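The values are calculated or read from the model by the stated rules, or taken from the named source; none is laboratory data. It should be emphasised that the depicted structure is a prediction, and the values quoted were computed from it without experimental measurement. Cβ coordinates were reconstructed from backbone atoms using ideal geometry, including for glycine residues, and neighbour counts include every protein chain displayed. In case anyone asks, the SASA skips ligands and DNA or RNA and just uses the protein heavy atoms, side chains included. Shrake-Rupley method; radii C 1.70, N 1.55, O 1.52, S 1.80 Å.
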Amino acid sequence: LVLDIWFTEKHEDKQGITLKVKKTLYSGVSEFQKIDVIDTEAFGRMLLLDGLVMTTEKDEFYYHEMISHIPLLTHLNPERVLIIGGGDGGTIREVLRHPSVKEIVLCEIDEAVIDVSRDYLPSIACCLDDPKVDIHIEDAVEYIKGQKNAFDAVLIDSTDPLGPGVGLFTEEFYTNVKESLRENGVMAAQTESPVACQKEFKLINALLNKVFSVVKPYFAPVPTYPGGNWSWTFCSQGLQPEIRNEALAIELEKTSKYFNRDIYKAVFAVPNYVKDLMALPKAVK
Ligand code: AG3
């Protein structure tokens, strides 16, 4: 008997991403959520939290390159970086490619995500033990309150605005993130799909606009996320997103799977339907 097993992440009971399953490698329940690792035919191993796709071996590069290189190349000399969430380690791996970075603090609420990633996703979790990495197991909503003028970049690598992640999508939290930034600090957050999660995308952008003076969403594919097209948002108190370290951008371009200097510019292009969502003007005469 050959079983034909498929996994679907259902989105609002209207659409789904479906992948053929080879084998379930891990299933467990932590203090915060259900954690699964499934081996899939098309995308390799996949990490699920509460049944939502967090990352897969084959398409994680889009997400992790975008959340790291876009904000960090905007900063001239990022030394201290805070990653919120990100227990799988993919963002750490990409941030470590920036030689100016001396210390990365990972603030992850659920230690089990880190342990499971270490055991099942070695290509993503590879750098969790790097000497530059300082892991805090704590709710970032609390952690950030004590951090003033402490980081050159804050990267919010969270799950959806549901369950343990809700507190990471509030005006108060974003204000604390802003205060945790040093002068010329930059922030980037994952901000949901402009295709499948329009309500959330709009809401998060509106909140960010209340707190930061520069708020620029950017877009890339993530084939295994709802809608297939994802967004992150770059925020600062004045720095516009542009490459400030050209030599490093060239280095990163040589070995990245998605990132290059043309992509850096292209990702900030806002499609017209998204301009409508954000109530931005289209063609100006
Ligand atoms: N964070 C997950 C983004 C949200 C995906 N949402 C979904 N599948 N409904 C990425 C974790 C990778 N470090």
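What the table below lists for this structure:
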| quantity | calculated |
| --- | --- |
| Pairs, first of a type in the set (S, T, N, Q) in the stretch 144-168, second away from the ligand (no atom under 15 Å from the Cβ) and open to solvent by less than 10 Å² (accessible area, probe 1.4 Å), C-beta under 8 Å, six or more apart | Gln147/Ser180; Asn149/Ser180 |
| In the stretch 271-285, the residues that are of a type in the set (Lys, Arg) and either part of a helix (DSSP H, G or I) or in contact (Cβ under 8 Å) with a residue 40 or more places away in the chain (or both) | Lys275 |
| Residue count for the stretch 62-83, restricted to those that are at pLDDT 95 or above, open to solvent by 30 Å² or more (accessible area, probe 1.4 Å) and either within 13 Å of the chain's Cα centre (by Cα) or more than 25 Å from Glu111 (Cβ to Cβ) (or both) | 3 |
| Residue, farthest from the chain's Cα centre (by Cα), within the stretch 185-194, restricted to residues that are polar (S, T, N, Q) and within 16 Å of Ile70 (Cβ to Cβ) | Thr191 |
| Enumerated strands (runs of 3 or more DSSP E) restricted to the stretch 150-244, each holding at least 2 residues that are out of contact with any Phe, Trp or Tyr (no Cβ under 8 Å at 6 or more places or on another chain) and within 16 Å of the ligand (Cβ to nearest atom) | 151-157 |
| Residues of the stretch 234-249 satisfying the condition of being aromatic (Phe, Trp, Tyr) and exposed (fewer than 15 other Cβ atoms within 10 Å of the Cβ) | none |
| Meets criteria (more than 11 Å from the ligand (Cβ to nearest atom), surrounded by 18 or more Cβ atoms within 10 Å (Cβ to Cβ) and not in a loop (DSSP other than H, G, I, E, B)) for Leu25 | no |
| Qualifying strands (runs of 3 or more DSSP E) (wholly inside the stretch 46-120; at least 2 residues being polar (S, T, N, Q) and within 13 Å of the ligand (Cβ to nearest atom)) | 52-56 |
| Failed condition for Leu128, given (1) within 13 Å of the ligand (Cβ to nearest atom); (2) in contact with a Lys or Arg (Cβ under 9 Å, 6 or more places away or on another chain); (3) among the hydrophobic types (A, V, I, L, M, F, W, C); (4) not in a loop (DSSP other than H, G, I, E, B) | (4) |
| Residue satisfying all of: in the stretch 250-270; assigned to a loop (DSSP other than H, G, I, E, B) and in contact with a His (Cβ under 8 Å, 6 or more places away or on another chain); surrounded by the most Cβ atoms within 10 Å (Cβ to Cβ) among these | Phe259 |
| Scan of the stretch 28-52 for residues that are acidic (Asp, Glu) and open to solvent by less than 60 Å² (accessible area, probe 1.4 Å), ordered by number | Asp36, Asp39 |
| Of residues in the stretch 191-211 being more than 16 Å from Leu280 (Cβ to Cβ) and touching a helix residue (DSSP H, G or I) at 6+ places or on another chain (Cβ under 8 Å), the one surrounded by the fewest Cβ atoms within 10 Å (Cβ to Cβ) | Lys210 |
